[in-house]
Amino acid sequence: MKKILLVIFGLIVCSNAFAKIKFSEIKEALKEDGYGKAVPKNIHTKLLSKKAKNPISISDFSIIGNKSLRFELNHGECGENSKYSDCENDRERVEMEYASVSTSREIWYRFYIYLPKDYNSIAPAKMSLINWVRGEPWKTAVQFQHMHAGLTFNRNGDTFKDSYIVLKSNEKLFGNWTEIIFATNWHPDPEKGFMKVWIDGKLKVDFKGRSNHEKGKKLVLKYGLYSARLSYYKNAHNKEIHPQRIIFFDGVRAEKKCKKLLDENQCQKLTSQTVDEYELFKHRKEDKKLETKRISKISTNSFNYHYGK
């Protein structure tokens, strides 16, 4: 009887945790900003921790419209299912999940993100804010990550030659809304693929080369807070507890063309820009803080040649 009561109590606690999350309300909040082709599928509940206190909520702190999504992740909020366990694989996450997108077609994405002034970095552990994955088996294609260097663009080692391009330093990132525009065609052909990233209206990435798995795969968008390699943080800082992490997302939208996403004048300003040089960040799991020697300069042509294979 005692065991039965404990099981029932556990189910009640779990149901209460998930009862706080209403996907219909979240979808409505996203719809108010006009999400276009970025139609939300669900909360990524398969690996959402049953211990999660307040994983996703609707906030009136916003830059587009009246609402944004607030994501919160705390120590020990790792989920698991019959096939996989974040708890056993050094991970914690809370994310929104979208329907898979076709490859070889141009698509433009927009995100606004806000990391609070007092954001608790878990670097050198990996912190993905936005990512596209292919599956199954699930493999990462591209991530926007937070690291010691700030906001970075990662062509992930699961699909490409691993690289991290610095987009915005922490000094400018924390306490400010950041607009991310990402355009690609997810093309497996290195002669046709491309990726472009604008941060707050400035072109930061202008990549030409293979932009998907060689065989071409449909990709799924996920965003929120996805922490991986948490042992890096523990070992580097000699701490056992991961700090609370919070981020806001607003104005998430996708369209097939820039002029569907933005007005003609904005598109002209974006597409007329060029970038000659990147700041390439070399991640090391031992680093407690940003080491300036970890950032090097590389021309766009050199990057396309060395990392576009």
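Some observations on this one:
- Residue within the range 104-117 that is closer than 27 Å to W186 by Cβ, of a type outside the set (G, A, S), in contact (Cβ under 8 Å) with a residue 40 or more places away in the chain and in a loop (DSSP other than H, G, I, E, B) present: yes
- Within the range 268-288, the set of residues being hydroxyl-bearing (S, T, Y) and under 22 Å from the mean Cα position of the chain (by Cα) comprises just one member, Y278.
- Residue satisfying all of: in the range 73-86; in contact (Cβ under 8 Å) with a residue 24 or more places away in the chain and not acidic (D, E); nearest to A183 (Cα to Cα) among these: L73
- Taking helices (runs of 4 or more DSSP H) as the structural unit, those lying wholly within the range 228-309 and holding at least 1 residues that are basic (K, R) and modelled with pLDDT of 95 or more correspond to 230-237, 258-261, 264-271.
- The residues on offer are K196, K168, and the sole one that is in contact with a helix residue (DSSP H, G or I) (Cβ under 9 Å, 6 or more places away or on another chain) and either at pLDDT 95 or above or not β-branched (V, I, T) (or both) is K196.
- Which numbered condition F194 fails, given (1) surrounded by fewer than 21 Cβ atoms within 10 Å (Cβ to Cβ); (2) farther than 28 Å from Y35 by Cβ; (3) touching a residue at least 12 places away in the same chain (Cβ under 8 Å): (2)
- Candidate set from the range 56-66 (those that are touching a residue at least 60 places away in the same chain (Cβ under 8 Å) and in a loop (DSSP other than H, G, I, E, B)); member that is farthest from the chain's Cα centre (by Cα): G65
- Any hit, the range 97-118, residues being surrounded by 22 or more Cβ atoms within 10 Å (Cβ to Cβ) and among the small types (G, A, S): no
- Within the range 99-138, the set of residues being in contact with a His (Cβ under 9 Å, 6 or more places away or on another chain) and among the small types (G, A, S) comprises S104, S121, A123, A125, S128.
- When K2 is tested against (1) out of contact with any helix residue (DSSP H, G or I) (no Cβ under 8 Å at 6 or more places or on another chain); (2) at pLDDT below 90; (3) under 24 Å from S82 (Cβ atoms), exactly one condition is not met: (3).
- All conditions in (1) in a strand (DSSP E or B); (2) farther than 26 Å from I298 by Cα; (3) of a type in the set (S, T, Y) hold for T178, with the sole exception of (2).
- Total residues in the range 253-271, condition over 18 Å from E106 (Cα atoms) and surrounded by fewer than 12 Cβ atoms within 10 Å (Cβ to Cβ): 1
Quick grid of which residues meet (1) free of Cβ contacts under 8 Å to residues at least 60 places away in the same chain; (2) crowded, with 23+ Cβ neighbours inside 10 Å:
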residue: N131; (1), (2): no, no
residue: T159; (1), (2): yes, no
residue: K168; (1), (2): yes, no
residue: T178; (1), (2): no, no
residue: T184; (1), (2): no, yes
residue: H187; (1), (2): no, no
residue: D206; (1), (2): no, no
residue: K218; (1), (2): no, no
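The values are calculated or read from the model by the stated rules, or taken from the named source; none is laboratory data. What you see is a predicted model, and the numbers here were worked out from it, not measured in a lab. Methodologically, a virtual Cβ is constructed for each residue, glycine included, from the backbone with ideal geometry; neighbour enumeration extends over all protein chains shown.
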